[in-house]
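Participant: Following this message is one structure expressed as structure tokens.
The values are calculated or read from the model by the stated rules, or taken from the named source; none is laboratory data. Since the model is a prediction, treat every value here as computed from it, not as a measurement. Using ideal geometry, Cβ is built from the backbone for each residue, glycine included, and neighbour counts are taken over all protein chains shown. The area values use the complete protein model at the heavy-atom level, side chains included, leaving out ligands, DNA and RNA. Shrake-Rupley method; radii C 1.70, N 1.55, O 1.52, S 1.80 Å.
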Amino acid sequence: MRFFVSGMPGVGKTTLAKRIADEIRREGYKVGGIITQEIRSGPKRVGFRVIAIDTGEIGRLAYVGYGQPRLGKYVIDIEGFERVAIPAISRALREADLIVIDEIGPMEFKSNEFLKALGLVLKSEKPLLATVHRRLVDRYRPLGEYYWLTPENRNEVFAEILGKIKRGLKNENAGDKAKD
């Protein structure tokens with residue numbers, strides 16, 4: 001049970017991931033992983049932060065400034081990102097019913113530790129909801145169900161993915177109870 005969501009910047013990929021995580025948590029399941037958010041100063045985007053879904057811990061992913069490694073105008077804070085993201089993904093692999101990774105993108109790819117953690121997630125049987133940068137769609141489309149998010153379809157996509165995850169988790173739990 002893997003879901004990959006992509007779309008243009010600002011279409012609501014992170015919002016969709018957060019809404020689904022919140023709904024699944026309300027159902028009594030454990031959700032783990034990461035959410036990436038913009039950091040804004042007034043109308044300007046000045047960076048990105050990563051947030052651990054289970055603990056709320058925040059780390060810096062990228063900022064406008066000087067330094068290396070870079071992606072466009074952003075300096076990638078690999079240490080700040082890995083300090084939060086890698087333990088969050090590791091905990092999700094061990095403990096969560098659903099893993100959320102927002103986002104699989106070029107900034108995150110600057111971290112070899114993230115790539116290793118993502119590889120472990122993709123090898124696992126755990127349900128996964130991931131947002132994917134539009135340039136990486138072809139790499140992840142074959143690995144699960146894929147959705148291109150637009151302002152017109154985002155409510156429909158939200159409902160469809162949420163329904164599939166809920167049904168999948170209920171079926172998994174029914175199977176676990178049958179084994180007991």
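Participant: Can you name the helices (runs of 4 or more DSSP H) wholly within region 75-180 that have at least 3 residues being open to solvent by less than 20 Å² (accessible area, probe 1.4 Å) and in contact (Cβ under 8 Å) with a residue 12 or more places away in the chain? It would help to see each step written out before you state the result.
Facilitator: On the way: elements: 78-95, 112-123, 137-140, 154-179.
By residue number, 78-95, 112-123, 154-179.
Participant: Hey, among 28, 59, 32, which residue is touching a helix residue (DSSP H, G or I) at 6+ places or on another chain (Cβ under 9 Å), of a type in the set (Gly, Ala, Ser) and either closer than 21 Å to residue 170 by Cβ or open to solvent by 60 Å² or more (accessible area, probe 1.4 Å) (or both)?
Facilitator: Values: 28 fails: touching a helix residue (DSSP H, G or I) at 6+ places or on another chain (Cβ under 9 Å); 59 fails: either closer than 21 Å to residue 170 by Cβ or open to solvent by 60 Å² or more (accessible area, probe 1.4 Å) (or both).
Result: 32 is the single residue among 28, 59, 32 that is touching a helix residue (DSSP H, G or I) at 6+ places or on another chain (Cβ under 9 Å), of a type in the set (Gly, Ala, Ser) and either closer than 21 Å to residue 170 by Cβ or open to solvent by 60 Å² or more (accessible area, probe 1.4 Å) (or both).
Participant: Would you confirm whether any residue within region 36-56 is β-branched (Val, Ile, Thr), within 26 Å of residue 172 (Cβ to Cβ) and open to solvent by 40 Å² or more (accessible area, probe 1.4 Å)?
Facilitator: Scanning region 36-56, I find at least one residue that is β-branched (Val, Ile, Thr), within 26 Å of residue 172 (Cβ to Cβ) and open to solvent by 40 Å² or more (accessible area, probe 1.4 Å), so the answer is yes.
Participant: Go through the residues of region 20-37 one by one and say whether even a single one is touching a residue at least 60 places away in the same chain (Cβ under 8 Å) and among the aromatic types (Phe, Trp, Tyr). Steps first, answer last, please.
Facilitator: The initial filter retains those residues of region 20-37 that are touching a residue at least 60 places away in the same chain (Cβ under 8 Å), namely 20-21, 23-24, 27, 29-36.
Subset that is among the aromatic types (Phe, Trp, Tyr): 29.
Yes, because at least one residue in region 20-37 is touching a residue at least 60 places away in the same chain (Cβ under 8 Å) and among the aromatic types (Phe, Trp, Tyr).
Participant: So which residues in region 1-25 are open to solvent by 50 Å² or more (accessible area, probe 1.4 Å), of a type in the set (A, V, I, L, M, F, W, C) and farther than 19 Å from residue 121 by Cβ?
Facilitator: Scanning region 1-25 gives a single hit, 8.
Participant: Starting from residues that are among the β-branched types (Val, Ile, Thr) and under 11 Å from the mean Cα position of the chain (by Cα), keep the ones in region 32-60 and report whichever is farthest from residue 105 (Cα to Cα). Give the steps one after another, and end with the answer.
Facilitator: Looking only at region 32-60, we keep the residues that are among the β-branched types (Val, Ile, Thr), and these are 34-36, 39, 46, 50-51, 53, 55, 58.
Still in the running and under 11 Å from the mean Cα position of the chain (by Cα): 34-36, 50-51, 53.
On the way: 34: 13, 35: 12, 36: 11, 50: 13, 51: 16, 53: 18 Å.
The residue in question is 53.
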